[in-house]
Amino acid sequence: MLDILITVIPVFLVIGAGYLAVRLKYFSQSAVDGLMVFTQGFAVPCLLFSAVAKLDLGEMFDPRLLVSFYSGATIAFAIGIAGALFVFRRRPGEAVAVAFGALFSNSVLLGLPIMSRAFGESALAPNFAIISIHAPFCYLLGITAMEMARADGRGALETARAVLRAMFRNALMIGLFLGLATNLSGLPLPEPVWAAIEMVARSALPAALFGLGGVLTRYALRDSLGEAAMISGLSLIVHPAIAWFLGSQVFDLPQGFVNSLVMTAAMAPGVNAYVFANIYDRGKGAAASALLLATGLSVITASGWLYLLRH
């Protein structure tokens, strides 16, 4: 177990360094904003572009992999909505905003570095296959559920427009789409272009982890601890458990696929969970608390899932 903790802890030490640097005022909030603009708007899209452009689509886009992951995400989302409605007595729109944290895993900023340290960069291809449709799937499901739930919801056409706007304004999605287009077209890029993309991509994960630590200083476990605990349990335990059962016991996926599947599912909610709640001005306190609590707990739960996968 110690070797697993040694694998996981450096990722959270970088997050902790960013958190402390901002808390101790060695790194300003404006610098955090600039760092996140760089990572989310440029470095991570370059990483995703490079990975998807070189991905063996025929081998990695296994429907069983995607069904295993997104079935687990959808079930966790549905349980989260039901819990928010019937246990915590939230209104329908608030329930969707709270439950979105159980749907949207931090598949890039946490999932990729933990997988890379645990199994090596060569094991990341199934992660990128999952990530390639992660934002479209989650936003489509989340926005559709919200528009159906809230009293001031939009019609079907406006909902579709909202989904498309969310997709095509997202730099991560642009990187994925361009990588997919390059892959499918077979378009050769000059070696200096590839070298430049790779240079920026290599900076993505450490810089993003440090920035994530700074972002977490903006949230606090002020309220909605019960809901935050529920979302943490769904994100860190229920989703990966369903993904493991479907991937290994139902579909009998190769172990490398199961590793990527389970570890991606086992990540805490991403910052997008709070962004989603903020867009609709519903459940923001619960979303922020879930983000902070689950990220802290994932040090333990991610180590536990790694132990189970290795044994």
Contacts under 8 angstrom Cβ, first residue in region 45-59 being touching a residue at least 24 places away in the same chain (Cβ under 8 Å) and of a type in the set (Lys, Arg), partner outside any loop (DSSP other than H, G, I, E, B) and open to solvent by 20 Å² or more (accessible area, probe 1.4 Å), 6 or more apart
LYS54/ASN183
Scan (1) closer than 21 Å to ALA273 by Cα; (2) crowded, with 17+ Cβ neighbours inside 10 Å for the single condition VAL87 breaks and write down its number.
(2)
Can we say GLY285 is surrounded by 17 or more Cβ atoms within 10 Å (Cβ to Cβ), at pLDDT below 95 and either in contact with a Lys or Arg (Cβ under 7 Å, 6 or more places away or on another chain) or within 19 Å of VAL67 (Cβ to Cβ) (or both)?
yes
What number of residues within region 218-259 are part of a helix (DSSP H, G or I), open to solvent by 20 Å² or more (accessible area, probe 1.4 Å) and of a type in the set (Gly, Ala, Ser)?
6
Enumeration of residues in region 13-35 that are in a helix (DSSP H, G or I) and open to solvent by 30 Å² or more (accessible area, probe 1.4 Å)
LEU13, VAL14, ALA17, TYR19, LEU20, ARG23, GLN29, SER30, ALA31, ASP33, GLY34, LEU35
Checklist (1) of a type in the set (Ser, Thr, Tyr); (2) buried (at least 22 other Cβ atoms within 10 Å of the Cβ); (3) without any contact (Cβ under 8 Å) to a residue 40 or more places away in the chain applied to SER132, failing item:
(3)
Every listed condition ((1) out of contact with any Ser or Thr (no Cβ under 6 Å at 6 or more places or on another chain); (2) of a type outside the set (D, E, K, R); (3) in contact (Cβ under 8 Å) with a residue 12 or more places away in the chain) holds for VAL22 save (1)
When you go through LEU55, LEU48 one by one, which is the residue that is within 30 Å of ALA195 (Cα to Cα), touching a Leu at 6+ places or on another chain (Cβ under 9 Å) and not in a helix (DSSP H, G or I)?
LEU55
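Can you spot a residue in region 114-122 that is within 15 Å of GLY270 (Cα to Cα) and either open to solvent by less than 10 Å² (accessible area, probe 1.4 Å) or at pLDDT below 85 (or both)?
Quick first cut of region 114-122, residues within 15 Å of GLY270 (Cα to Cα) only: 114.
Retained after the next criterion (residues that are either open to solvent by less than 10 Å² (accessible area, probe 1.4 Å) or at pLDDT below 85 (or both)): 114.
Yes, because at least one residue in region 114-122 is within 15 Å of GLY270 (Cα to Cα) and either open to solvent by less than 10 Å² (accessible area, probe 1.4 Å) or at pLDDT below 85 (or both).
The values are calculated or read from the model by the stated rules, or taken from the named source; none is laboratory data. All values derive from a computational prediction rather than experimental measurement. Positions of Cβ are generated from backbone atoms using ideal geometry, with glycine treated the same way; all protein chains shown enter the neighbour counts. Side chains are part of the model used for accessible areas, which takes the heavy atoms of the whole protein and leaves out ligands, DNA and RNA. Shrake-Rupley method; radii C 1.70, N 1.55, O 1.52, S 1.80 Å.
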